[in-house]
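Bear in mind these aren't lab numbers, they're just calculated from the coordinates by the rules spelled out. Small disclaimer: the values here were computed from a predicted structure and weren't measured. All Cβ positions, glycine included, derive from the backbone under ideal geometry; neighbour counts span all protein chains shown.
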Amino acid sequence: MAVSFVVNGEERRSAADQMTPLVDVLRDEFFLTGAKAACREGACGACTVLLDGNPVVSCLVPVGMLEGREVRTVEALAPTEELSPVQQAMEEHDVVQCGMCFPGIVMVLTSFLAECPQAGPDEIKTALVGNICRCTGYERVVDAAVALAQRR
Amino acid sequence: MTLADASNVTMNLPRRDARDKLLGRTRYTVDRKHPGMLHAALRRSDIASARIIKVDITDASRMPGVRAIALAADAPGMHGIGIADHPLFARDAIRFHGEPIAAVAADTQAQAQAAAAAIVVETEPLPAVLSMADALAPDAPLVHPEWRSYQVLVEGGVRGGNVAWEATVIRGDTEAAFARDDVVVVESCFRVGRQNHVSLEPRAVVASYEDGRYHIETSTQVPWTVRAMTAKLLGVPAAQVRVTVPPVGGGFGQKFDCTLEPYAAILARKTGRPVRLVYSRQEEMLTCLCRENAEIKIRSAVTKNGEIVGREAVVLMDCGAYGGEQIFLTTMTAHTLGGNYRLGSVKLASRAVYTNTPPNGAFRACNGVYNTFALERHTDEICQKIGMDPLEFRRRNVLGDGDIGATGQVFEGDVLGPMLDRMKRWRETAPSRKSLAARRLYGRATVVGTWFIFVGPSTATINLNADGSATVITAGVEIGSGTMVQALPQIVAYELGLHPDQVVVRSADTDAAGFDLGVGGGRTTVSIGAASRAAAEDVRRKLLAVASEMLQTPPDRLKLASGRVEIAGKEGSGTSIAAVVQRAHEVIGPVVGSGAFTKPGVTAMPGCAAGHFIDALDLPVFAVHDCEVAVDPDTGHVEILSYKVVQDVGRALNPRAIHSQIQGGVTQGLGYALHEELTIGQDGCIRQNSLETYRVPLALDTVPVEIDLYEGAPSIGPLGAKGAGEVPILNVPAAVGCAVANAIGRRVQQTPLTPPRVLGLLLGREPDVDLPHIGDDWWDNVLMKRPS
């Protein structure tokens, strides 16, 4: 039975098996490859998307649960080529290295800073505890997010 | 964003790939798709050591969606580095838990996995050796009973039984040094476990077979190695293999070897369709080419005033079931454990030992990280024994200008000494964070480390285009370090008077770019950078010859700046580079330059080093780290209170990018020092099969890394640069290990320093590491014969 849900503002249908992880539907059916299936066990956060506005690891969300719900992926953050504020802060601070973890990190920070726009470094680190980055050592990620929060 | 100043090669040039990576648009190998693409899965062994009786694919090949199955017969060759001991598929023997036996291509991933599981493998279990102590026991079963028959790819290493390779250094008379009556003898033993790279992008490949050639798109650091190894394993000419490399989602040395590419290549040829093979995280955890577990015994004869007159050491490196990179890495011991200090005499043995465990490989500052840990902890034990301040001891003994290294090479320039002075002043002026320790135990340590740039052959071609832009073609790969998007365009732009944004850098394609040793060992900026600079000089010569005629001015009075050729002293009188290129099209043809680079060939003392791939360091790099820790006496938890780095970078072309490498490298080192370790179970299988059981540093573990870039050391690198990405991890377990030992007042002999281990040390419950399988007489530990 097909599932209908909204992805980045568009009505989409997937005929995939109900237990198929959302990340596979996004990547294989809709060619939205921003979310990365880096561990498939919810430990690395690289596949994070927003489900009804809340960050979830899309490798652990069966597509069958999504009827009528709304998914936002990293591809939707900057629809007009202008970077979102979080993306812009990351670019300005030269944070990115290999880049595989950033779609997930950007989604988590987008959601978190919307809720806590004035967050400090400790809150930001706590918010990122589900995202593994093997390149940067996180320091600059946190600095960039703090700078953005202070600007608001 | 500030605009880079193009007149100076030093600038904080932003990454051109950051935007797409942040937008989720970058297409890594795992994101590649082709029409008709098949998915592959491997059938792996679930036993560590066995004889294969039968592999039956009858049922599996009839399963839905299955298009092809590859077996040992499809890959006749053997591969390796130094020794060709490694078949692509287990043939008659299974030598480790997880060894590939067959590969399946099917319409979907699930179908491929189901068919792989349905392959019937009949085996007869054989005894397994799971530790180096077991492997070196007198009657140990041999992992490779047929080791004598293997093709030797590099001469010089001594081999025998479960010793895959032995490299030795002998300089001077250590026996006489240890027999002196004015010396104190200090002996230390160390053991470290395996570290997994955990690149977020797993190893991944998409292979196709077109017009009689293989096209391999892969997540690798070494496109030319993949080309050569795939050809060797498949038994086809190397010219039939083309390798291209999309952006790589992390490497750290894991992708410095050919691994999964040949499976996909075989299946692509069999099916005539593109085949994708991506290792699952579990496969990455269980079969990653880890930083090897190692065991080290080191002893030194030191005078009361701190002169090291003799040093002997044995390093055992677990290469797992196949030699691979470990054969090469035996070389590193001479330059890392044998590094840092002036030694009156020295004997070092570095042995790669076969065990029935997953093969190990290269990991950032490979071999050097644990050898630096061992050397610096040993140095602190020496200082304690002779009653000398550790900083003072290091200042007196570090290698300086004209000093002789372990293999007898003569070092150029005073670098480590002034770096130590700088750290000492920094320690004195920056406030200590001791008060943060509160009621916990406080410790501090300053340690030194020696690494080197793994130079060697690189080449570059530069096309100067009619619009005035330049295209650089190399086999370099962007693995995240930024070299391809920052250092390279900066160097080329500087030579050609362009802005770096006018320099296009071609991604690696072995059909377009010439040979390259690969992206690793801190060599990219140095070797590919030097080749690119040479190519730019070639372009510049040709460009100026044409401009000279156009401007009626000799070439030596012309200069290139801001996209123009100007007559010196008469700015504005020249013409644009684009106009010169267009003129060149009429008189000489398009402007293209080529450049090449290789190692300069620094020499060791003849007869000192045996079995080494590198006898002397062409380009040494040094680092000084300082760390303050607080240890909770109730839990054993270690908190890093401060972390300072003075790093020799030659010349910092992009300081901001180097800082980023240091922050990341130190964090990776803290993971290794404090909590990352893979262990082997009784069945020979790695016990940590997920990111739930293998703990890497997370955001809450972030430590502010304070950084001081030391510039001006001698360097053969382009514009005086040295590689900066490899070395930041080198000293970290040493700094943490020494600081923790100082805090708790106990010997630290192992990493990682997990809370239970540290608590065990505090309570006196942690057993000493004494390594009985390494004999007290150095000669008992080597296959080479004692001179009579």
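Placing dummy labels 7 Å off each Cα toward the beta-carbon, the span from B:Asp139 to B:Ala545 is 7.5 nm.
Counting only other chain Cβ atoms within 10 Å of each residue's Cβ, the peptide B:665-673 averages 2. Among the listed pairs B:Lys297/B:Lys599; B:Lys54/B:Lys232; B:Lys385/B:Lys434; B:Lys255/B:Lys644; B:Lys347/B:Lys785, a Cα-Cα separation exceeding 22 Å is found for B:Lys297/B:Lys599; B:Lys54/B:Lys232; B:Lys385/B:Lys434; B:Lys255/B:Lys644. For chain A, the relative contact order works out to 24 percent when only alpha carbon pairs closer than 8 Å and six or more residues apart are counted.
Based on the Cβ-Cβ distance from B:Val587 to B:Glu210, what FRET efficiency comes out when R0 is 56 Å, to the nearest 0.05? Step by step, r from the Cβ atoms, then E = 0.90. Gain on full extension, evaluated as 0.36 nm per residue between B:Ala117 and B:Met784 minus their Cα-Cα distance, stands at 235.6 nm.
If only the Cβ of Lys and Arg carry +1 and only the Cβ of Asp and Glu carry -1, the dipole of segment A:71-152 around its Cα centre is close to 200 debye.
The amide H of B:Ala68, built 1.01 Å from its N in the peptide plane, has B:Ala105 as neighbours under 5 Å, considering only residues 5 or more places off or on other chains. 3J(HN,Hα) couplings calculated from phi for segment B:84-100 with the Karplus curve 6.51 cos²θ - 1.76 cosθ + 1.60 (θ = phi - 60°) are, in sequence order, 8, 10, 10, x, 5, 10, 4, 9, 8, 10, 9, 10, 7, 5, x, 5, x Hz; Gly and Pro show x. Distances between placed amide hydrogens fall under 5 Å for B:Arg564 paired with B:Ile577, all partners being 5 or more residues away or on another chain. Sorting A:Val6, B:Val314 from the fewest to the most surrounding beta carbons within 10 angstrom yields A:Val6, B:Val314.
Placing R0 at 30 angstrom, the Cβ-Cβ distance between B:Ala561 and B:Ala239 gives a FRET efficiency of 0.10 after rounding to 0.05. Residue order for B:Asp380, B:Asp181, fewest other beta carbons within 10 angstrom first, comes to B:Asp181, B:Asp380. Here the spin labels are modelled as points 7 Å beyond Cα on the Cα-Cβ line, and at A:Asp17 and B:Ala430 they lie 5.4 nm apart. Build a GNM of chain A with springs between Cα atoms under 10 Å apart, and of A:Leu60, A:Leu83, A:Leu22 the one that fluctuates most is A:Leu83. Our summary gives chain B a relative contact order of 16 percent, counting only alpha carbon pairs under 8 angstrom and 6 or more residues apart.
Model label points for B:Val185 and B:Asp708, set 7 angstrom from Cα along the Cα-to-Cβ axis, are 3.9 nm apart.
Where does the charge balance sit around B:Leu200 when Lys and Arg score +1, Asp and Glu -1, over other residues with C-beta under 14 Å from its C-beta?
On the way: positive: A:Lys36, A:Arg40, A:Arg134, B:Lys21, B:Arg203, B:Lys255, B:Arg281; negative: A:Glu41, B:Asp31, B:Glu201, B:Glu284.
Its environment carries a net charge of +3.
For B:Gly310, the residues whose amide H sits under 5 Å from its own are B:Ala301, B:Gly344, B:Ser345, ignoring neighbours fewer than 5 places away on the same chain, with H placed 1.01 Å from N. Out of all DSSP beta bridges in segment B:382-510, what portion is antiparallel? Express it as a percent rounded to 5. Taking every DSSP beta bridge with both residues in segment B:382-510, the antiparallel ones total about 55 percent.
Per residue of the protein assembly as shown, the DSSP helices (runs of n ≥ 4 H) give a summed -39500 (n - 2.57) that works out to -7500 deg cm²/dmol at 222 nm.
DSSP beta bridges confined to the protein assembly as shown are antiparallel in about 80 percent of cases.
Within segment B:71-105, list the residues whose amide N lies under 12 Å from a label point set 7 Å along Cα→Cβ of B:Leu126. Answer for this model: B:91-96. Packing-based ranking of B:586-592, B:724-730 yields B:724-730, B:586-592, ordered from highest to lowest mean Cβ neighbour count within 10 Å. Suppose R0 equals 56 Å; then what is the FRET efficiency for B:Gln552 and A:Glu10 from their Cβ-Cβ distance, rounded to the nearest 0.05? E(calc), rounded to 0.05, equals 0.30.
When a footprinting reagent is the concern and you count Cβ atoms within 10 Å, what order do B:Ser458, B:Ser345, B:Ser49 take, fewest first?
Placing the least packed residue first, the sequence is B:Ser345, B:Ser49, B:Ser458.
Under a Cβ-Cβ cut-off of 10 Å, what is the net charge of the residues other than B:Arg51 that fall near it, where Lys and Arg count +1 and Asp and Glu count -1? Summing Lys and Arg as +1 and Asp and Glu as -1 gives -3. Each 20 Å bin, from zero up to the one with the longest distance, holds this percent of the alpha carbon pairs of chain B: 16, 47, 31, 6, 0.
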